[in-house]
Amino acid sequence: MKDVLKIIDRFADTKILVVGDFILDEFIFGEISRVSREAPVLILKYQKRTIVPGGGANATANIESLGGQATPLGFVGDDETAEQLFSAWSDRIETGYVFRNSGFQTTRKTRILAGSIHSFRQQVVRVDYERRCHLQEEHEERLMESLTRLLPEMDALILSDYSLGNLTPRVTELAIKLATEQNKPIVADSRDRPQDYAGVTSMTPNITEVEKSLSLQISQEPSQLEAVASRLLKEWRLQALLVTRGKLGMSLFTQDQNTHIPVFGTDEVADVTGAGDTVTATYTTALAAGASHEQAARLANHAACLVVMKKGTATISQAELIQAVQSEW
């Protein structure tokens, strides 16, 4: 356990570059007051609204809350949503490389949660204000110039792909090339196209994303997943593949071994929103701090199991992670 605590202590010395898609998560809370006389629908009596970073912006926020130094890189719109996203980030986050452009629209995901006065509020609908950024050559050049300038100062690279346009093939290819040449860990988290990130150090898909990428359904038997992972390690040229499996925990696959990690604590979940970003952030920060893939995966598992017990998109502090490690290891 002492080795792991030393790794967490080194989080403060890590610098992580997060390239990708930055989202604002909005939560609207209310109580069901009555049935409308206009139509057979329930009326939500508004109570409050909260906004937090989402997507790659949430991974960035998690790195900062864990004690690391995060630098996000990408384009957003020049709009009110971008303004709110910037204000939702900690002042410790370097935002000078999140470029605002009036030709783009910052994605906002609005979740409406409802319940009665005596019950927990549950998500009833989500509204996505989403428009993909179509980067022109000048935009790509700006990202690529920034990559070239920033990467030598960094300890690791995250590619956070929510299919919103920042990670074009040119940007992705250069990011992987530069980080590989400089021997920096590269962790990719891609919602729809993990196969486009072949050659990174590691990927952190959930089991559904693996199934979707291969057009197959994987049973809960470890042997089938192990066979799939062995294939993907070769096809995607990975050092490690970390697959999150919900209530079944996580599975880490390397060339040498397979490690199945059960959930930490309880499998009773309050909200899984943004948990994948927490996994990617913790796993990458640990690698940057000198952890092995297994140590990093176990820390990411602890962080994920803590964050899903919180409502909405959330982060984990370094103190919370230390307490979890001390209680388990």
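Derivation of every value follows stated rules applied to the coordinates shown; laboratory data play no part. These numbers come from a predicted model, not from an experiment. With ideal geometry, Cβ positions are generated from the backbone for all residues, glycine too; neighbour counts draw on all protein chains shown.
Taking the stretch 26-49 only, how many residues are in a strand (DSSP E or B) and either more than 28 Å from the chain's Cα centre (by Cα) or of a type in the set (K, R) (or both)?
The number of residues fulfilling the criteria is 13.
Tell me, which residue of the stretch 199-228 that is in contact (Cβ under 8 Å) with a residue 40 or more places away in the chain and in a loop (DSSP other than H, G, I, E, B) is farthest from L241 (Cα to Cα)?
Here the answer is V200.
This table checks each residue for (1) more than 16 Å from the chain's Cα centre (by Cα); (2) surrounded by 14 or more Cβ atoms within 10 Å (Cβ to Cβ); (3) over 19 Å from A291 (Cα atoms).
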position	(1), (2), (3)
P194	no, yes, yes
E209	no, yes, yes
L216	yes, no, yes
L242	no, yes, no
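Condition test on F264, is it within 21 Å of N301 (Cα to Cα) and not in a strand (DSSP E or B)?
So F264 fits the description; yes.
With the requirement that a residue be out of contact with any Asp or Glu (no Cβ under 7 Å at 6 or more places or on another chain) and in a strand (DSSP E or B), what does the stretch 1-25 give you?
Matches in the stretch 1-25: L17, V18, V19, F22, I23, L24, D25.
Out of all the residues in the stretch 133-149, is one or more hydroxyl-bearing (S, T, Y) and part of a helix (DSSP H, G or I)?
Yes, the stretch 133-149 contains a residue that is hydroxyl-bearing (S, T, Y) and part of a helix (DSSP H, G or I).
Which pairs have Cβ atoms under 6 Å, sit 6 or more apart or on different chains, and link a residue in the stretch 273-299 that is on the phi < 0 side of the Ramachandran plot to one that is among the charged types (D, E, K, R)?
T280/D189; A288/D155; A289/R10
Is there a residue being hydroxyl-bearing (S, T, Y), out of contact with any strand residue (DSSP E or B) (no Cβ under 9 Å at 6 or more places or on another chain) and closer than 27 Å to A300 by Cβ anywhere in the stretch 65-77?
Within the stretch 65-77, one or more residues are hydroxyl-bearing (S, T, Y), out of contact with any strand residue (DSSP E or B) (no Cβ under 9 Å at 6 or more places or on another chain) and closer than 27 Å to A300 by Cβ.
If you go through the stretch 50-70, how many residues are in a strand (DSSP E or B) and touching a helix residue (DSSP H, G or I) at 6+ places or on another chain (Cβ under 6 Å)?
4
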